[in-house]
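Here's the structure we're looking at; comments come further down.
Any read-out appearing in this document is the output of simple, stated calculations on the displayed coordinates, not a laboratory observation. The structure presented is a predicted model; accordingly, all values stated were derived computationally and were not measured. Backbone-built Cβ (ideal geometry, glycine too); neighbour counts: all protein chains shown.
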Amino acid sequence: MPGHLLARPTPFPLYTLSTSRLPTNRAFTAPTSSSTSPSSADDAGHPSPNPDDPHNFADVTSRFSKLSERYKGELKQFRQGGKSNPDVIGALLVPSRDGETFPLRELAQVVPRGGRTISLLVNDKSFVKPVMSAIQASNMFNQQPQRDPENELELLLKLEMERPEEVAKRLKELCHRWRERVREVKTKRDKVIAAWGKDNVVTKDVKHKLSTELMDLVKKELADIDKAEAQAIAQSGRAIG
């Protein structure tokens, strides 16, 4: 085999997922601030409020559980290298023009090159600019990836060591987003309870009790978030120190 066709050796493990569901000619576009808005897919798989069983808040607790799983997973990544963790980089969302978003790891291989240099081996030329734009627009990375002059499908990231206060700030921002999502769940359920009261599906007394029960669930969830935030900040401080 001619020498110029030999693949560059990669002594480090590759972090990649199958891209079989991605057409190579998919049109992508740079992310905007709306790309992080909650998707309607968030409602999939959750129970619906039942006026025949109004004190059953399975619809709320199901959503809280899903949010907890998601955000605790993101907090865990801080204890495993933060933004230098290939899993964190690979989870960065890259929007397509048709409104879908794909994790970066589905568009490129994330390869640690030693030290704090990360190589992104993009699967298709059409993904290069969208991946670069997503990284530049990210609050976490906010840098221009460098192209490899010898490989048009390779991008290089050089990550700086974060100061403890920077890590703590990002952790707090993450937990703030978690709290906001919890409050969105509450607001949605509040509207259901109000509609039941307006339509005389439940009595005024039951409506009041439902609102109280919902608030108790929310307070418990917010207390859990406070605890998770404090633990994550403490653990990240020890890891950096």
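Details
- With a cut-off of 12 Å between beta carbons, the residues surrounding VAL192 carry a summed charge of +3, where Lys and Arg count +1 and Asp and Glu -1.
- Sequence-ordered 3J(HN,Hα) estimates for region 104-110 from the Karplus curve with 6.51, -1.76 and 1.60 and θ = phi - 60° stand at 3, 5, 8, 10, 7, 8, 9 Hz, glycine and proline given as x.
- Per-peptide packing, taken as the mean over residues of other Cβ atoms within 10 Å, places 94-100, 202-208 in the sequence 94-100, 202-208 from highest down.
- Expressed as a whole percent, the proportion of Cα-Cα pairs in region 157-241 lying more than 16 Å apart is 63%.
- The string of couplings for region 225-232 from the Karplus curve (6.51, -1.76, 1.60, θ = phi - 60°) is 5, 4, 5, 5, 5, 4, 5, 5 Hz, one whole number per residue in order, with x for Gly and Pro.
- Förster-model FRET efficiency, 22 Å R0, LYS209 and ASP52, C-beta, rounded to 0.05: 0.85
- Order by protection proxy (mean Cβ within 10 Å, highest first), peptides 183-195, 126-138: 126-138, 183-195
- Whole-number Å³ per residue for the convex hull built on Cα positions in region 116-181: 98 Å³
- Within the straight-line cut-off of under 20 Å between alpha carbons, the aspartates and glutamates reachable from LYS198 are ASP52, ASP53, ASP190, GLU213, sequence neighbours fewer than 8 places apart in one chain being disregarded.
- For ALA108, nonlocal amide neighbours, meaning residues 5 or more places apart or on other chains whose placed amide H falls under 5 Å from its own, are ASN123.
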